[in-house]
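To start, the structure under review is shown below, and the notes come after it.
The values are calculated or read from the model by the stated rules, or taken from the named source; none is laboratory data. In this text, all values refer to a predicted model and were calculated from it rather than measured experimentally. Here the Cβ is made from the backbone with ideal geometry for all residues, glycine too, and neighbour counts use every protein chain on show. Just the protein is used for accessible areas: all its heavy atoms, side chains included, with ligands, DNA and RNA removed. Shrake-Rupley method; radii C 1.70, N 1.55, O 1.52, S 1.80 Å.
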Amino acid sequence: MLNKPVLVESLIVFIIVLFVHAVVWDRYSWCAVALAVQAFYVQFKWDRLLQLGGAVFQFRTAANSGLLPASMVIPLLGIAMKERCKSAGIVYFERFGIVVASTGMLVALFLSVIAVGITKPVPTNTCILTGVAGSIIIYTMKHSLTVSEVIEVLEVLLIFVYLSMILLYLLPRCFTPGEALLVLGGLSFVLNQLIKRSLNVIEGRGDPIDFFLLVAVVGVVLLGLFFTVLFIFMDSGTWISSMFFHMMTAVLGLGVIMPWLYRLIQRNPLFWLFQFLFQTQTRVYLLVYWTFLAASACGIVFYQNAKRSSESKKHQASTITRKYFHFIVVATYVPGLIYDRQLLYVAAVLCLAVFIILEYIRYFRIKPFGQTLRHLLSLFLDERDSGPLILTHIYLLLGMSLPVWLFPRSCAPKGTLSGAGALVPYSGVLAVGVGDTIASVFGSTMGEIKWPGTKKTFEGTMTAIFAQIIAVALILIFDSSVNLNSSYAWILASVSLVSLLEAYTTQIDNLLLPLYLQIMFM
């Protein structure tokens with residue numbers, strides 16, 4: 001029996017794929033369409049494996065596999081980047097976009113082959129489709145990539161395989177197969193880029209803030225792997241273990257991560273960061289404003305926990321209460337996008353590192369704050385936090401930040417793209433900060449007509465589309481760098497498709513929606 005919401009979700013993804021390739025049809029379009037068709041069939045094999053408990057690892061059970069929407073994100077991002085950089089005449093990043101697209105296709109194909117391989121009895125038709133899609137992709141790669149680029153793609157695939165075996169074993173029920181593909185695929189690419197750039201350092205080449213992102217992400221992940229292995233042999237909840245955690249975090253940070261960053265940017269990282277953060281008066285004002293918003297978010301957490309203590313032990317934060325944080329994040333990101341995107345880029349990296357380290361402290365029960373964090377954050381759990389880690393707040397930060405981090409600055413000479421591409425950095429604000437928030441608030445309070453097979457309402461989706469159009473109008477008024485060049489119909493179509501995807505997807509919408517909106521805008 002086919003799942004109707006999954007069919008509608010797949011139809012929306014197919015429409016997005018066709019929209020993108022109606023604009024940029026080339027040899028990679030055949031690969032993307034072939035990948036989408038085979039992923040559509042394979043995701044039902046994954047769903048069956050999850051229902052029967054036949055998957056190798058433990059995945060999140062309250063959602064479908066999400067293979068199709070996840071499989072198309074990285075390839076479409078690469079293709080969009082390739083076209084943008086090609087039109088700007090930046091050959092290096094045009095080739096980089098091709099590598100990104102090829103890597104995304106190969107990693108998604110690998111996950112499909114795994115599902116087909118462990119399905120019993122072997123699904124003959126799906127095997128044939130996967131083989132045809134794989135042949136098209138490999139044939140295109142053979143005639144498109146240089147030898148060094150092929151090696152780079154295979155390196156990322158190898159890293160993905162090892163990371164998947166390690167992290168999916170250590171973190172049961174934290175991901176669906178689609179979410180694992182997105183998160184671990186992206187992490188594998190970041191790790192490979194960091195290794196590649198560390199081995200080929202050229203003084204004065206590369207933006208320090210890009211190196212800062214790569215080192216920070218890889219550094220905190222390696223830190224987590226180190227402590228996970230260590231605390232297999234130690235009780236992490238004791239004071240001795242906690243002191244060792246704090247000491248080793250400082251040692252690894254100052255003794256490994258800082259020298260690594262120094263090698264890449266050729267200057268003292270701490271001095272560079274201090275100088276960067278306080279370079280202008282605007283940055284100081286933004287930092288003070290963001291500190292106030294961070295204090296407000298902490299105040300909400302403490303207030304809601306005090307409310308729980310006074311009312312009931314079983315009290316959980318409502319959907320509307322959780323959306324307060326979405327409003328705070330919008331208030332954080334919009335001024336940064338308007339006045340200083342580089343500062344926002346670096347501040348988001350720092351915030352991500354802090355969030356992940358705080359999650360380590362909560363997960364390992366590191367004294368003196370571990371147990372307190374467990375108590376405070378348990379109030380905001382939902383069905384998506386079914387594993388040992390609480391990831392929804394990290395996904396929210398990623399959803400808002402990825403469009404800023406992935407914005408192709410080198411292919412935008414004036415700091416912005418033309419047409420709808422000018423809204424690329426605002427993709428997270430529109431899709432998650434405005435669209436998802438308004439849909440959830442209005443849908444849960446006033447929605448009556450439900451979309452077939454889901455809990456989401458027609459009123460919530462329509463209100464979300466309307467709110468995002470108003471937000472685009474406000475961006476045009478307050479951000480003088482945005483010039484849409486009459487691409488309003490494309491923007492309306494993009495916002496509408498992503499809002500429909502929000503209504504039907506069971507994946508982490510904070511992560512998926514901004515990436516699809518970014519793809520459409522690019």
>> Considering only residues that are under 11 Å from Leu343 (Cα atoms) and either assigned to a helix (DSSP H, G or I) or aliphatic (A, V, I, L, M) (or both), which ones fall in the range 266-304?
In response: Leu273, Phe276, Leu277, Thr282, Arg283, Val284, Leu286, Leu287
> Before we move on, is Tyr162 touching a residue at least 24 places away in the same chain (Cβ under 8 Å), in a helix (DSSP H, G or I) and not aliphatic (A, V, I, L, M)?
Replying inline: no
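Consider Val37 carefully, then state whether it is within 17 Å of Tyr516 (Cβ to Cβ), at pLDDT 85 or above and open to solvent by 10 Å² or more (accessible area, probe 1.4 Å).
Values: within 17 Å of Tyr516 (Cβ to Cβ): no; at pLDDT 85 or above: yes; open to solvent by 10 Å² or more (accessible area, probe 1.4 Å): yes.
No.
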> Quick one: would you say Leu252 is touching a residue at least 24 places away in the same chain (Cβ under 8 Å) and within 27 Å of Ser198 (Cα to Cα)?
Replying inline: yes
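Okay, residues lined up against (1) open to solvent by 30 Å² or more (accessible area, probe 1.4 Å); (2) over 20 Å from Arg27 (Cα atoms); (3) part of a helix (DSSP H, G or I):
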| site | (1), (2), (3) |
| --- | --- |
| Glu149 | no, no, yes |
| Val153 | no, no, yes |
| Leu181 | no, yes, yes |
| Arg197 | yes, yes, yes |
| Phe211 | no, yes, yes |
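What do you reckon, is Ser296 out of contact with any Lys or Arg (no Cβ under 6 Å at 6 or more places or on another chain) and modelled with pLDDT under 85?
On the way: out of contact with any Lys or Arg (no Cβ under 6 Å at 6 or more places or on another chain): yes; modelled with pLDDT under 85: no.
No: the conditions fail for Ser296.
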> Applying the selection to the range 400-420, what residues are open to solvent by 40 Å² or more (accessible area, probe 1.4 Å) and at pLDDT 85 or above?
Replying inline: Leu406
>> Where the second residue is surrounded by 15 or more Cβ atoms within 10 Å (Cβ to Cβ) and the first is among the β-branched types (Val, Ile, Thr) and lies in the range 261-284, which pairs have Cβ atoms under 7 Å and are six or more apart or on separate chains?
In response: Ile265/Pro208; Ile265/Phe211; Ile265/Trp272; Thr282/Tyr339; Thr282/Asp340
> Residues in the range 362-403 that are touching a residue at least 24 places away in the same chain (Cβ under 8 Å) and of a type in the set (Asp, Glu): how many?
Replying inline: 2
> Given Leu397, Leu391, Leu376, which one is under 18 Å from the mean Cα position of the chain (by Cα) and open to solvent by 20 Å² or more (accessible area, probe 1.4 Å)?
Replying inline: Leu391
>> I'm trying to understand the selection: among the residues of the range 1-34, which are touching a residue at least 24 places away in the same chain (Cβ under 8 Å), under 21 Å from Val99 (Cα atoms) and assigned to a loop (DSSP other than H, G, I, E, B)?
In response: Val24
>> Taking the criterion of being among the β-branched types (Val, Ile, Thr), open to solvent by 90 Å² or more (accessible area, probe 1.4 Å) and modelled with pLDDT of 85 or more, would at least one residue in the range 476-490 satisfy it?
In response: yes
> Take the residues of the range 63-108 that are in a loop (DSSP other than H, G, I, E, B) and open to solvent by less than 10 Å² (accessible area, probe 1.4 Å): which is farthest from Glu502 (Cα to Cα)?
Replying inline: Ser65
>> What's the total number of residues in the range 115-133 that are free of Cβ contacts under 8 Å to residues at least 40 places away in the same chain and open to solvent by less than 60 Å² (accessible area, probe 1.4 Å)?
In response: 3
>> Checking the structure you have, find out if any residue of the range 446-458 is in contact with a strand residue (DSSP E or B) (Cβ under 8 Å, 6 or more places away or on another chain), among the basic types (Lys, Arg) and open to solvent by 50 Å² or more (accessible area, probe 1.4 Å).
In response: yes
>> Out of Arg374, Arg362, Arg384, I need the residue that is outside any helix (DSSP H, G or I), among the basic types (Lys, Arg) and within 24 Å of Tyr169 (Cα to Cα). Which one?
In response: Arg384
